[in-house]
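Novice: Handing you a structure now.
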């Protein structure tokens, strides 16, 4: 009921009234006309090919069926380490966990005013976490292309690890 990763996945009534949904605890949600989505910028980029290791036999890189498989392929081909610029990255954290407690401000749609939102152990999910010599990279993977994404999928995990002192 609360998996609204993209603005288009919101119920019709929510889209009609410009309402977004944010989890604030494991059982409570905030519904209002705040700006919870960010549009992907239009960009033309050159495609890069990556070699899949011949030694890996258990993954068919020509038939990517899930987000975890896509992340494994990105890791095995060194695509992630190249993107981040850290050759020492290794997979570390992933899965569902509690967010801890924190507050943040979110802008109302079409306004310059902000609403303070208090989060208390909301559930979050990290698709892939990779730790290198100088950083922890948190990845939200998607198996389809959309126009936008809900910011909480990146911000809640970011706050969890930032508040734990991991950068």
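The values are calculated or read from the model by the stated rules, or taken from the named source; none is laboratory data. Here the structure is a predicted model, which means the values were calculated and not measured. Note: ideal-geometry Cβ built from the backbone for every residue, glycine included; neighbour counts use all protein chains shown.
Novice: Checking residue 69 against (1) in contact with a helix residue (DSSP H, G or I) (Cβ under 8 Å, 6 or more places away or on another chain); (2) farther than 24 Å from residue 98 by Cβ; (3) free of Cβ contacts under 8 Å to residues at least 60 places away in the same chain: exactly one of these is not met. Which one?
Specialist: All conditions pass for residue 69, except number (1).
Novice: Can you name every residue in the range 78-90 that is surrounded by 13 or more Cβ atoms within 10 Å (Cβ to Cβ) and in a loop (DSSP other than H, G, I, E, B)?
Specialist: Passing the criteria: 78, 86, 89.
Novice: I would also like to ask the following. Say we look at the range 98-111 and pick out the residues that are free of Cβ contacts under 8 Å to residues at least 24 places away in the same chain and not in a loop (DSSP other than H, G, I, E, B); which of these is nearest to residue 161 (Cα to Cα)?
Specialist: Once the filter is applied, the top-ranked residue is 101.
Novice: Sort through 2, 62, 48 and tell me the only one that's modelled with pLDDT under 90, farther than 29 Å from residue 124 by Cβ and either surrounded by fewer than 10 Cβ atoms within 10 Å (Cβ to Cβ) or within 22 Å of the chain's Cα centre (by Cα) (or both).
Specialist: Selected residue: 48, the only one of 2, 62, 48 that is modelled with pLDDT under 90, farther than 29 Å from residue 124 by Cβ and either surrounded by fewer than 10 Cβ atoms within 10 Å (Cβ to Cβ) or within 22 Å of the chain's Cα centre (by Cα) (or both).
Novice: Looking only at the range 112-126, count how many residues are in contact (Cβ under 8 Å) with a residue 40 or more places away in the chain and crowded, with 18+ Cβ neighbours inside 10 Å.
Specialist: Going through the range 112-126 one residue at a time, the tally reaches 2.
Novice: Would you check if there is a residue in the range 68-77 being farther than 30 Å from residue 108 by Cβ and assigned to a loop (DSSP other than H, G, I, E, B)?
Specialist: Yes, some residue in the range 68-77 is farther than 30 Å from residue 108 by Cβ and assigned to a loop (DSSP other than H, G, I, E, B).
Novice: Also: Given (1) assigned to a helix (DSSP H, G or I); (2) closer than 19 Å to residue 153 by Cβ, where does residue 93 come up short, assuming only one miss?
Specialist: Failing condition for residue 93: (1).
Novice: With modelled with pLDDT of 95 or more, surrounded by 16 or more Cβ atoms within 10 Å (Cβ to Cβ), part of a helix (DSSP H, G or I) and within 16 Å of the chain's Cα centre (by Cα) as the only criterion, which of 130, 156 stands out?
Specialist: 156
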